[in-house]
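The values are calculated or read from the model by the stated rules, or taken from the named source; none is laboratory data. Keep in mind that what you see is a predicted model, and the values were worked out from it rather than measured. With ideal geometry, Cβ positions are generated from the backbone for all residues, glycine too; neighbour counts draw on all protein chains shown.
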Amino acid sequence: MLVGVVLLVACSGQPPGDLPLTVVSMQGTRAPVPGVAGGWVPPLPGELPTATPTFAPFQPTVTPGPTVMVPAASSPMSALILPVFAFSPDDLVLLNGMVVSDVLQVDISSFTLIENTAPPLKLIPDSELVYGPAYTGFDVVAFVDQQNGYLESYREHVGGQILTGPQVVDYVARQYGVGPRVLLALLEYYSGWVTQSEPDWVAVAFPMGHASPTWRGLYAQLTWAANHLNDGYYGWKQRGVRTVRFADNTHTLVARELNAGTVAVQTVLGLSTSFDVWREAVSGQGFLAAYKKLFGDPFAHDLGPTLPDDLQQPALALPWAADQTWYYSGGPHGGWGGGSAWAAVDFVPPGGPPGCYDSEAWVTASASGLVIRSEQGLVVVDLDGDGLEQTGWLVIYLHIATREKAVYAGSLVRTGDLIGHPSCEGGVSTGTHVHLARRYNGEWVPAGMGHVPMVLSGWTVRQAARAYDGTLVKGDVVRTANDGRGEGANDISP
């Protein structure tokens, strides 16, 4: 039997897709838990891997069964293919923004037919999933403190500091751009941490239901969940993903009438369980009941489309001085982890050896605005200057060195002002560089696709089939991303 199939891309040469995305020390201090020896469950030494938003692209959960490698002689892509029996070839072309030559005829007689379809119940609006305007008045710490649950008394060592439980939730929400009410509702559904003062020991160790020793503790569990929420959300909106995967690696088709926010929640709920258990979780008696218990009707927070159709990017400059040439080392890839939109691009400075080194080059502001976060390796600039991370345009600079860092939270910057030196800080990186990304109203904006591509000093980002590939185009000049420094290949000047 022959059927049209859609070519999908799997990043090559990366760590396992479930790695957390920022460096963290899992030497947590937790409030005592009755009945547990020692009062709490300590993490295993060295059990939490480290990775980075730039060099750990997430393995998309898009494969519903056996896949094969095929030569795509008539296509610009050579990648994994996914048979989706519920869609016609015309559907596949439309959903993926492809041309006819991208759809191949492949013998799929030995492939597994996906017979199940997800329930059509909508769980949350899109504006509730992203850390956007719906959250401008929501105080995670104040809300959790009122619940008197285990989360309120929890403490954990994250990124060199001790955070309370609600602070960990708020931190993950901001880093990943995921709504904290969704994270809290998932936490309550799986473990009761929000309202129960004495969860059982399994719930203490794995509060988001992902029972893997590698992912023990609140921070690890939240980063796992947030990355998969993003994978479901942006996979549905931008990558043509139309299935949910379960713990036994079976899949179900997503109901066509669902929205991206609902698919995001369905994705997380499916990963650690079976189809039958998942059906209950995505019903009105599962996650939705937990959400309503804490916050009422999720659609009371619906603010409509997250990105307006007439959205335009403000003028952005290349993030270095006008008399310098840098190199385009990474095309569109995950803004914060591979689960998010391919919102980021990477640049390496001139000179210097391969790998990580102290660069004397300066990253400069791509646009004027207010610095609302300046953390290890990270600077976030709010372009509308209202001080709210949830509204308007943000520009995110990652891998900024602590040494001689020129800005702090509260700094006002103008285009071209010094930000800091490029580095390997802010995660595990294979080389000194800067990672540049955008968010609008909390949503990661893809750098090289859609109606608002990233444009820097007249250079327009174009996405390729695989993360980190792609081009920058300015008039007749085309530069292709690669991890070296090549004149006439990936050199970029304003």
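Just a yes or no: is a residue in the range 341-363 assigned to a loop (DSSP other than H, G, I, E, B), under 24 Å from the mean Cα position of the chain (by Cα), modelled with pLDDT of 95 or more and surrounded by fewer than 21 Cβ atoms within 10 Å (Cβ to Cβ)? Among the residues of the range 341-363, not one is assigned to a loop (DSSP other than H, G, I, E, B), under 24 Å from the mean Cα position of the chain (by Cα), modelled with pLDDT of 95 or more and surrounded by fewer than 21 Cβ atoms within 10 Å (Cβ to Cβ), which makes the answer no. Listed by first and then second residue, the pairs with beta-carbon distance under 7 Å, at least 6 apart or on different chains, first residue in the range 219-241 and closer than 18 Å to A185 by Cβ, second among the acidic types (D, E) and part of a loop (DSSP other than H, G, I, E, B), are W224/D18.
Reported count of residues in the range 254-304, each being among the aliphatic types (A, V, I, L, M), touching a Phe, Trp or Tyr at 6+ places or on another chain (Cβ under 7 Å) and surrounded by fewer than 16 Cβ atoms within 10 Å (Cβ to Cβ), is 0. Among the residues of the range 200-208, not a single one is under 26 Å from W444 (Cα atoms), buried (at least 23 other Cβ atoms within 10 Å of the Cβ) and not hydrophobic (A, V, I, L, M, F, W, C). Only residues that are crowded, with 22+ Cβ neighbours inside 10 Å and either in a loop (DSSP other than H, G, I, E, B) or at pLDDT below 95 (or both) were counted across the range 126-163, and they come to 5.
Among residues of the range 288-317 that are of a type in the set (V, I, T), those with a Cβ under 7 angstrom from a residue that is at pLDDT 95 or above, sequence gap 6+ or separate chain, pair up as T306/D126; T306/S127; T306/V130; T306/G132; T306/N441; T306/E443. Do the conditions hold for G331, that is, is it surrounded by 14 or more Cβ atoms within 10 Å (Cβ to Cβ), among the small types (G, A, S) and at pLDDT below 95? In short, no. Quick one: would you say G475 is under 27 Å from the mean Cα position of the chain (by Cα) and either surrounded by fewer than 18 Cβ atoms within 10 Å (Cβ to Cβ) or in contact (Cβ under 8 Å) with a residue 60 or more places away in the chain (or both)? Criteria not met by G475. Here M454 does not qualify as in contact with a strand residue (DSSP E or B) (Cβ under 8 Å, 6 or more places away or on another chain), within 12 Å of G331 (Cβ to Cβ) and surrounded by fewer than 22 Cβ atoms within 10 Å (Cβ to Cβ).
For every residue, the table says whether it meets (1) under 13 Å from L123 (Cα atoms); (2) among the hydrophobic types (A, V, I, L, M, F, W, C); (3) assigned to a helix (DSSP H, G or I).
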site: W236; (1), (2), (3): no, yes, yes
site: V241; (1), (2), (3): no, yes, no
site: R256; (1), (2), (3): no, no, no
site: D276; (1), (2), (3): no, no, yes
site: E280; (1), (2), (3): yes, no, yes
site: G284; (1), (2), (3): yes, no, no
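Note on the range 336-384: residues that are in contact (Cβ under 8 Å) with a residue 24 or more places away in the chain, over 18 Å from R403 (Cβ atoms) and hydrophobic (A, V, I, L, M, F, W, C) total 13. Of the set (1) in contact with a Ser or Thr (Cβ under 8 Å, 6 or more places away or on another chain); (2) closer than 22 Å to R239 by Cβ, all apply to G427 but (2).
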